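Written below as structure tokens is the structure these notes are about.
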Amino acid sequence: MNSEDNKVGWEFCLNKISRQEFIDTFSYNLVDDPDSVYMLLESAYNSRNKDEVELTLILASIFNTMNEGYVPLLCDLLQSDFHIKHEDIVSNLQYFADPISIDALYLTATSKFKYLEYDNSYALARKCIWALGSINNEEARDRLNRLYTNNDKEIRRYVEEQRNRK
């Protein structure tokens, strides 16, 4: 994404320009070519550009372009430490409930990202645990059982909550 697209994208997301102005100005046709959003997200991942990851995830949501084909890329992004959009990514993975995401969700549930050092609520871990619960196959239940044996009381508590949800 070039700097002009980045600028226009943020202006649109911040309601500084209209949807039509965005569509007319942005280099990619997100309405007729939803695959362009995937390409932008992949480019942001490959270049490790945290701002473009954030912007592209917002645009994907606004234009409703995400589909199951995004899951492998979302899993890669989930395990990356260069951005701060992990919770949004987990929400998307929970929506798709694709077994492909089990390992990424499991590993992320116990990951310690620097930007979350202040977070004693373990919101990311909880979202990962709930996403595993949404998948609800044998492998996902196995990962939940493994998380339940974790030394961290909060993680165990969230797994228990997930088990009781059923």
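So which residues in the range 146-166 are over 21 Å from the mean Cα position of the chain (by Cα), assigned to a helix (DSSP H, G or I) and either surrounded by fewer than 16 Cβ atoms within 10 Å (Cβ to Cβ) or at pLDDT below 90 (or both), if there are any at all? Steps first, please.
Let us first name the residues in the range 146-166 that are over 21 Å from the mean Cα position of the chain (by Cα), namely 146, 148-154, 156-157, 160-161, 163-166.
From what's left, assigned to a helix (DSSP H, G or I): 146, 148, 153-154, 156-157, 160-161, 163-165.
If the condition is that a residue be over 21 Å from the mean Cα position of the chain (by Cα), assigned to a helix (DSSP H, G or I) and either surrounded by fewer than 16 Cβ atoms within 10 Å (Cβ to Cβ) or at pLDDT below 90 (or both), then Arg146, Lys153, Glu154, Arg156, Arg157, Glu160, Glu161, Arg163, Asn164, Arg165 are the ones that fit.
Would you point out which residue out of Leu59, Leu30 is of a type outside the set (Ser, Thr, Tyr), over 15 Å from the mean Cα position of the chain (by Cα) and either closer than 25 Å to Glu4 by Cα or open to solvent by less than 70 Å² (accessible area, probe 1.4 Å) (or both)? Before you say what the answer is, go through the steps one by one.
Values: Leu59 fails: over 15 Å from the mean Cα position of the chain (by Cα).
Answer to the selection: Leu30.
Are any residues in the range 122-145 part of a loop (DSSP other than H, G, I, E, B) and open to solvent by less than 60 Å² (accessible area, probe 1.4 Å), and if so, which ones? Steps first, answer last, please.
If we filter the range 122-145 for residues that are part of a loop (DSSP other than H, G, I, E, B), which is where we start, we get 122, 136-137.
Matches in the range 122-145: Tyr122, Asn137.
Pro72: surrounded by 12 or more Cβ atoms within 10 Å (Cβ to Cβ), under 15 Å from the mean Cα position of the chain (by Cα) and within 28 Å of Ile135 (Cα to Cα), yes or no?
On the way: surrounded by 12 or more Cβ atoms within 10 Å (Cβ to Cβ): yes; under 15 Å from the mean Cα position of the chain (by Cα): yes; within 28 Å of Ile135 (Cα to Cα): yes.
Here the answer is yes, as Pro72 does meet what is asked.
Here is a yes/no grid of residues against (1) at pLDDT below 95; (2) polar (S, T, N, Q):
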residue	(1), (2)
Glu11	no, no
Lys16	no, no
Phe22	no, no
Phe26	no, no
Leu41	no, no
Tyr45	no, no
Thr56	no, yes
Ser61	yes, yes
Thr65	yes, yes
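State the number of residues belonging to the range 52-105 that are part of a loop (DSSP other than H, G, I, E, B), among the polar types (S, T, N, Q) and in contact with a helix residue (DSSP H, G or I) (Cβ under 6 Å, 6 or more places away or on another chain). Before the answer, list the steps.
Filtering the range 52-105 for residues part of a loop (DSSP other than H, G, I, E, B) gives 63-67, 79-85, 97-98.
Those still in the list that are among the polar types (S, T, N, Q) too: 64-65, 67, 79-80.
In the following step, the residues that additionally are in contact with a helix residue (DSSP H, G or I) (Cβ under 6 Å, 6 or more places away or on another chain) were identified as 65, 79.
The number of residues fulfilling the criteria is 2.
Residues checked against (1) among the acidic types (Asp, Glu); (2) surrounded by 16 or more Cβ atoms within 10 Å (Cβ to Cβ); (3) under 30 Å from Asp33 (Cα atoms):
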position: Asp76; (1), (2), (3): yes, no, yes
position: Phe82; (1), (2), (3): no, no, yes
position: Val90; (1), (2), (3): no, yes, yes
position: Tyr95; (1), (2), (3): no, no, yes
position: Pro99; (1), (2), (3): no, no, yes
position: Tyr106; (1), (2), (3): no, yes, no
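Considering only residues that are surrounded by fewer than 17 Cβ atoms within 10 Å (Cβ to Cβ) and either among the basic types (Lys, Arg) or farther than 18 Å from Glu160 by Cβ (or both), which ones fall in the range 108-119? Please lay out each step first, then the result.
In the first step, residues of the range 108-119 are kept if they are surrounded by fewer than 17 Cβ atoms within 10 Å (Cβ to Cβ); the result is 110-115, 117-119.
Ser111, Lys112, Phe113, Lys114, Tyr115, Glu117, Tyr118, Asp119, listed by residue number.
If I go through the range 55-72 residue by residue, how many of them are closer than 14 Å to Met39 by Cα and either free of Cβ contacts under 8 Å to residues at least 40 places away in the same chain or in contact with a strand residue (DSSP E or B) (Cβ under 8 Å, 6 or more places away or on another chain) (or both)?
Within the range 55-72, the subset closer than 14 Å to Met39 by Cα is 55-57, 59-60, 65-67, 69-72.
After this cut, where a residue has to be either free of Cβ contacts under 8 Å to residues at least 40 places away in the same chain or in contact with a strand residue (DSSP E or B) (Cβ under 8 Å, 6 or more places away or on another chain) (or both) as well, the list is 57, 60, 65-67, 69-72.
Count: 9.
The values are calculated or read from the model by the stated rules, or taken from the named source; none is laboratory data. Bear in mind the structure is a predicted one, so any value in this text is a computation, not a measurement. Methodologically, a virtual Cβ is constructed for each residue, glycine included, from the backbone with ideal geometry; neighbour enumeration extends over all protein chains shown. Ligands, DNA and RNA are excluded from the accessible area calculation, which covers all protein heavy atoms including side chains. Shrake-Rupley method; radii C 1.70, N 1.55, O 1.52, S 1.80 Å.
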